[in-house]
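The next block holds one structure in the form of structure tokens; read it before the comments.
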Amino acid sequence: MKYKCIIFDCDGVLVDSEEISIGTLVSMAKSHGAIIDENHAHQLFLGKSLKFCFAYIADLANKKLPANFEEEFRERTFEAFQKHLKPIKGIHELLAKINVPIGVASNGPADKIRLNLTTTQLIDKFEGNIFSAYDINSWKPNPELYLHTAKTMGFEVQDCVVIEDSPAGVQAALAGGFDVFGFTNHANFDALQQMNIPLFDDMAQLNLLLQ
């Protein structure tokens, strides 16, 4: 392979969780008087920290959100993940072909990453190389999470490639000096196309890019 290490984002790249997470945010926002179109929410919230999302909802609702808003969000999404979460199509086949170290770096908390990878039977591929922004208190689009991941795994930036689906994640990787491949879908294609990185829309294409 072209690279010595591959670092994956989790949500939307390994697991098909964005519909659940963003749908839950839209529903909860509505119950507090903040009406957000779901397509717009995908463009707005994709890859962003929950702090950003909650602040946007509070501003739109013109009121402070309840103290248990995040707890309720976590409970609702965790339950939905356990029932409905699926791996991204083709990801198991792709990972079976990769013969270099891989890691996952996500804005989500470590317990969420583990739950999602366990539910989709991916956990054994990433055990020992799971990195959360909450562990270092720095979230994408800041580059620190990807830099921390590469350093902890024992690789230089130039030896790694990052696989992302969100503009915020791509910004983080580019700011850190990484090569980045963008996984496109109907919601993010226009934004990623403007970022001048190689794009792919299925895992077979990614396998070719990694060679």
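The values are calculated or read from the model by the stated rules, or taken from the named source; none is laboratory data. Nothing here was measured: the structure is a model prediction, and the numbers come from that model. In this analysis, Cβ positions are derived from the backbone assuming ideal geometry, glycine residues included, and neighbour counts consider all displayed protein chains. The protein model used for the area step is the full one, side chains on, heavy atoms only, and it has no ligands, DNA or RNA in it. Shrake-Rupley method; radii C 1.70, N 1.55, O 1.52, S 1.80 Å.
Restricting to segment 7-51, count the residues that are of a type in the set (Ser, Thr, Tyr) and assigned to a helix (DSSP H, G or I).
4
Of (1) open to solvent by less than 20 Å² (accessible area, probe 1.4 Å); (2) farther than 30 Å from residue 158 by Cβ, residue 31 satisfies all except one. Which?
Here residue 31 meets the rest and fails (1).
Take segment 155-177 and flag every residue that is over 21 Å from residue 49 (Cα atoms) and touching a residue at least 40 places away in the same chain (Cβ under 8 Å).
155, 159, 160, 161, listed by residue number.
Please work out if residue 197 is at pLDDT 95 or above, part of a loop (DSSP other than H, G, I, E, B) and out of contact with any Ser or Thr (no Cβ under 8 Å at 6 or more places or on another chain).
Here the answer is yes, as residue 197 does meet what is asked.
Go through segment 34-70 residue by residue and tally those that are farther than 17 Å from residue 141 by Cα, within 20 Å of the chain's Cα centre (by Cα) and surrounded by fewer than 18 Cβ atoms within 10 Å (Cβ to Cβ).
Number satisfying all stated conditions: 4.
Go through the residues of segment 162-170 one by one and say whether even a single one is in a helix (DSSP H, G or I), more than 22 Å from residue 96 (Cβ to Cβ), open to solvent by 60 Å² or more (accessible area, probe 1.4 Å) and not charged (D, E, K, R).
no
Which count do you get for residues in segment 79-109 that are farther than 20 Å from residue 165 by Cβ and either surrounded by 14 or more Cβ atoms within 10 Å (Cβ to Cβ) or modelled with pLDDT under 95 (or both)?
Matching residues across segment 79-109 total 5.
Could you identify the single residue in 14, 46 that is touching a strand residue (DSSP E or B) at 6+ places or on another chain (Cβ under 7 Å) and under 28 Å from residue 119 (Cβ atoms)?
Sole residue among the options that is touching a strand residue (DSSP E or B) at 6+ places or on another chain (Cβ under 7 Å) and under 28 Å from residue 119 (Cβ atoms): 14.
Within segment 130-139, does at least one residue satisfy the condition of being farther than 29 Å from residue 174 by Cα and in a helix (DSSP H, G or I)?
There is no residue in segment 130-139 that is farther than 29 Å from residue 174 by Cα and in a helix (DSSP H, G or I).
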